[in-house]
Amino acid sequence: MRSGNPALKDSTFLDLGSGAVVRGGDSVMTLNGTVNKTGFLLLLSVLTATFAWMQVSTADGIVGAGPYVWGGAIGGLVIALVTVFKKTWAPVTAPLYALVEGFFLGAISAMYNHLYEGIVMQAVLLTFGTLFALLFAYRSGMIKATENFKLGVVAATGGIMLVYLASIALSFFGIQIPMIHESGIVGIGFSLFVVVIAALNLVLDFDFIETGVEQGAPKYMEWYGAFGLMVTLVWLYIEFLRLLSKLRD
């Protein structure tokens with residue numbers, strides 16, 4: 001796996017039947033095209049996030065956030081899975097993912113901001129600051145996605161996902177994994193570790209997209225690459241919210 005992001009991995013660019021790289025002829029994936037489509041997806045998510053925020057934020061507090069949170073989360077997951085298995089649909093499903101995920105982000109952000117005023121702007125600035133800092137470091141050669149680097153990030157990402165899945169499964173039985181979700185030293189340390197791993201996934205995503213451009217992937221892979229980058233950015237933003245909330249506590 002080239003990326004810890006399950007949407008972005010080496011086999012994405014391969015014809016699984018023959019093992020040959022899938023090429024798109026004259027209409028091929030470009031870096032500028034992927035950047036533009038990523039910006040478009042971000043814009044779509046901001047629009048629906050703003051709508052959701054305005055709907056759930058009232059003078060009396062947060063009202064009716066549940067449908068936006070759960071609808072956006074579950075809908076985003078379904079569309080993401082469809083996109084992963086039907087990459088040719090990415091020009092349609094990637095914008096849909098951004099729109100649906102925006103509802104989730106807007107509602108959850110309003111809830112956090114109600115509890116910790118100003119935390120959302122801090123998380124947004126940290127997310128995009130991290131994105132541009134790592135992009136600069138990657139393009140300048142300060143950070144290289146070596147095989148050992150990829151292996152370490154992928155392994156750490158998998159470990160985090162297993163912890164989260166176990167936490168969700170145990171919560172159905174009223175059991176909570178101690179300390180890591182609390183605001184103590186262990187909880188803050190865990191969130192800081194997760195933020196670092198999520199950020200390092202951006203480096204692997206940059207490498208994945210660059211590889212697709214070099215290999216002449218089909219044009220629709222611009223949408224798929226932008227979708228994969230969105231998945232990482234959403235994760236990073238949520239983890240920044242969690243970290244900042246623990247620090248506030």
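The values are calculated or read from the model by the stated rules, or taken from the named source; none is laboratory data. Note that this is a predicted model, so its numbers are computed, not measured. Neighbour counts run over all protein chains shown; Cβ positions are idealised from the backbone, glycine included. Just the protein is used for accessible areas: all its heavy atoms, side chains included, with ligands, DNA and RNA removed. Shrake-Rupley method; radii C 1.70, N 1.55, O 1.52, S 1.80 Å.
Taking the stretch 217-239 as the range and being farther than 19 Å from ILE79 by Cα and open to solvent by less than 10 Å² (accessible area, probe 1.4 Å) as the test, the residues that pass are ALA217, LEU236, GLU239. Does ILE160 count as outside any helix (DSSP H, G or I), open to solvent by less than 50 Å² (accessible area, probe 1.4 Å) and under 30 Å from VAL46 (Cα atoms)? Answer is no for this residue. Before we move on, is ALA199 surrounded by 15 or more Cβ atoms within 10 Å (Cβ to Cβ) and of a type in the set (Gly, Ala, Ser)? The answer is yes for ALA199. Note on the stretch 125-157: residues that are in contact with a Phe, Trp or Tyr (Cβ under 6 Å, 6 or more places away or on another chain) and polar (S, T, N, Q) total 1. Count of the stretch 181-197 residues, restricted to those that are within 21 Å of the chain's Cα centre (by Cα) and part of a loop (DSSP other than H, G, I, E, B), is 1. When we screen VAL213, VAL154 for residues that are in a helix (DSSP H, G or I), in contact with a Leu (Cβ under 6 Å, 6 or more places away or on another chain) and touching a residue at least 12 places away in the same chain (Cβ under 8 Å), the only hit is VAL213.
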